[in-house]
Amino acid sequence: RKAKEDAEEEDEDADAGWLQLGGCDVLLPAGPCVGVVHFVGGALVGVAPQSAYGSFLARISTAASVAVVATPCDGLSSGLDHWAAASEVMMRWCAAQEELHVAMRARGVLAPEALPVLGCGHSLGAKLLVLLGADEQLADALGPRCANVLVSYNNFAAARSIPLLQQALSLRDGVQRGDFGSGVPAVSGALELGARLGAGAGAGLVSLGDS
């Protein structure tokens with residue numbers, strides 16, 4: 001019971017302090033800010049980075065005294081066009097900049113635009129950061145980076161990168177065709193799939209956060 005209560009308190013702490021700025025999930029450090037981490041999550045879970053990576057990113061912000069800008073990306077779940085997804089990440093990042101700088105100045109950061117920016121991507125998010133750096137126009141729009149941290153980077157085909165992807169796509173196609181009638185089997189299938197995805201992502205991220 002004590003362990004469960006501690007876990008719940010940790011989840012609440014991870015959710016505290018997050019802002020929505022320009023469509024991005026933003027966490028500012030409580031004290032001085034020495035830099036900005038631009039985070040892009042992996043396939044499927046990268047659509048909601050605060051929910052999927054909140055504890056991990058909060059630890060980074062606290063330990064390194066950095067602001068975290070986590071960019072949701074619909075392209076991480078709605079399609080396999082990774083260049084389009086990279087462009088979406090760039091546009092969301094740029095859209096958040098003015099609001100981010102206003103919020104940082106309100107916290108006493110005198111020149112937020114001069115802070116170093118570090119990219120951090122997990123899995124497919126890491127690939128998107130690589131694509132952004134490989135295209136001159138996208139890189140110019142994104143702005144300078146002092147470095148990128150690529151966690152679990154891979155360039156495999158989607159079926160190999162995400163073992164449950166084919167099941168998810170089959171379920172989606174069946175729903176669209178109306179194969180499930182009342183929809184009850186589709187709902188139970190979706191819940192089972194979501195539970196399996198959540199359990200796998202959660203276990204991996206806890207380990208990653210501890211490291």
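The values are calculated or read from the model by the stated rules, or taken from the named source; none is laboratory data. Just so it is clear, the structure is predicted and the values come from calculations on it, not from any experiment. Virtual Cβ from ideal backbone geometry, glycine too; neighbours counted across all protein chains shown. Note: accessible area is taken over every heavy atom of the protein model, side chains too, but ligands, DNA and RNA are not part of it. Shrake-Rupley method; radii C 1.70, N 1.55, O 1.52, S 1.80 Å.
Residue count for region 53-92, restricted to those that are in a helix (DSSP H, G or I) and of a type outside the set (A, V, I, L, M, F, W, C): 13. Check whether at least one residue in region 77-88 is charged (D, E, K, R) and over 22 Å from D135 (Cβ atoms), and report yes or no. No; the residues of region 77-88 include none that is charged (D, E, K, R) and over 22 Å from D135 (Cβ atoms).
When residues of region 95-115 are filtered for being assigned to a helix (DSSP H, G or I) and in contact (Cβ under 8 Å) with a residue 60 or more places away in the chain, how many remain? Number satisfying all stated conditions: 9. The residue that is most open to solvent (accessible area, probe 1.4 Å), counting only those in region 33-47 that are assigned to a loop (DSSP other than H, G, I, E, B) and in contact with a strand residue (DSSP E or B) (Cβ under 8 Å, 6 or more places away or on another chain), is V34. Tell me yes or no: at least one residue of region 19-27 is at pLDDT 85 or above, open to solvent by less than 70 Å² (accessible area, probe 1.4 Å) and in contact with a Gly (Cβ under 7 Å, 6 or more places away or on another chain). Within region 19-27, one or more residues are at pLDDT 85 or above, open to solvent by less than 70 Å² (accessible area, probe 1.4 Å) and in contact with a Gly (Cβ under 7 Å, 6 or more places away or on another chain). Applying the set (1) modelled with pLDDT of 90 or more; (2) of a type outside the set (F, W, Y); (3) open to solvent by less than 30 Å² (accessible area, probe 1.4 Å); (4) within 14 Å of the chain's Cα centre (by Cα) to V149 leaves exactly one unmet item: (3). All conditions but one from (1) in a helix (DSSP H, G or I); (2) farther than 21 Å from G17 by Cα apply to N148; the one that does not is (1).
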